[in-house]
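Let me begin by presenting the structure, written as C-alpha cells, before commenting on it.
The values are calculated or read from the model by the stated rules, or taken from the named source; none is laboratory data. Everything numeric in this text was worked out from a predicted model, so none of it was measured. Every residue, glycine as well, gets a Cβ built from its backbone with ideal geometry; the counts of neighbours run over all protein chains shown.
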Amino acid sequence: MPTPTTPPERWRGRIDPAVTRTRRDAAARSLLLLVAEFGPAELLDSLLVRPGLIALALWLLPGTLWALLVGKVLADIVFYVIAAGAFTITERAGLRRGSGTPERSAR
C-alpha cells in the first residue's frame, strides 16, 4: 500500500517531467507576480500607512471606535491603490504575458 507521499505503483514512470517542470515554472511565476504586486503595498501598509492613518484618525476624531474604523478603511484604500499601481507596472513590463496564455487582442 503506497504512503501518502508516494504515487501508486501504476503511476510509477508515468509522471511526465515536462508537466512537472511546467507546474513548477507556473508556481514560481505566480510567486514572483504575487510578491511584485502585493509586496510593496504590504510593506508600506504595515510599516507606514496603516499605523499613521489610524494614529491620525485617533487624534482627529472624538470616538475611538469611529477613529479606528476610519483609519482602517483609509489604510485599506491606500493599500489597494498601491497594489493596483504595482499590477499596472507588472502588466506594462510584460511580466504577466506567459508563454502558455493567449495574447490579448488590441482594443
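List, please: which pairs have Cβ atoms under 6 Å, are six or more places apart or on different chains, and start with a residue in region 38-65 that is touching a residue at least 12 places away in the same chain (Cβ under 8 Å) and end with one that is surrounded by 14 or more Cβ atoms within 10 Å (Cβ to Cβ) and not aliphatic (A, V, I, L, M)?
Ala41/Phe79; Asp45/Phe79; Leu53/Gly71; Ile54/Gly71; Ala57/Gly71
In region 79-98, how many residues are more than 16 Å from Ser46 (Cβ to Cβ) and in a helix (DSSP H, G or I)?
Initially, region 79-98 is screened for residues more than 16 Å from Ser46 (Cβ to Cβ), giving 84-85, 87-98.
From what is left, the residues that are in a helix (DSSP H, G or I) are 84-85, 87-92.
Qualifying residue count for the region: 8.
Restricting attention to region 54-62, does a residue exist that is out of contact with any helix residue (DSSP H, G or I) (no Cβ under 7 Å at 6 or more places or on another chain), within 19 Å of Arg96 (Cα to Cα) and not β-branched (Val, Ile, Thr)?
No, the conditions are met nowhere in region 54-62.
Select from region 83-107 the residues that are modelled with pLDDT under 80, among the hydroxyl-bearing types (Ser, Thr, Tyr) and closer than 17 Å to Ser30 by Cα and list them in ascending order.
Passing the criteria: Ser99, Thr101.
Within region 20-42, take every residue that is under 17 Å from Ala84 (Cα atoms) and of a type in the set (D, E, K, R) and give me the one that is surrounded by the most Cβ atoms within 10 Å (Cβ to Cβ).
Filtering region 20-42 for residues that are under 17 Å from Ala84 (Cα atoms) and of a type in the set (D, E, K, R), the one surrounded by the most Cβ atoms within 10 Å (Cβ to Cβ) comes out as Glu37.
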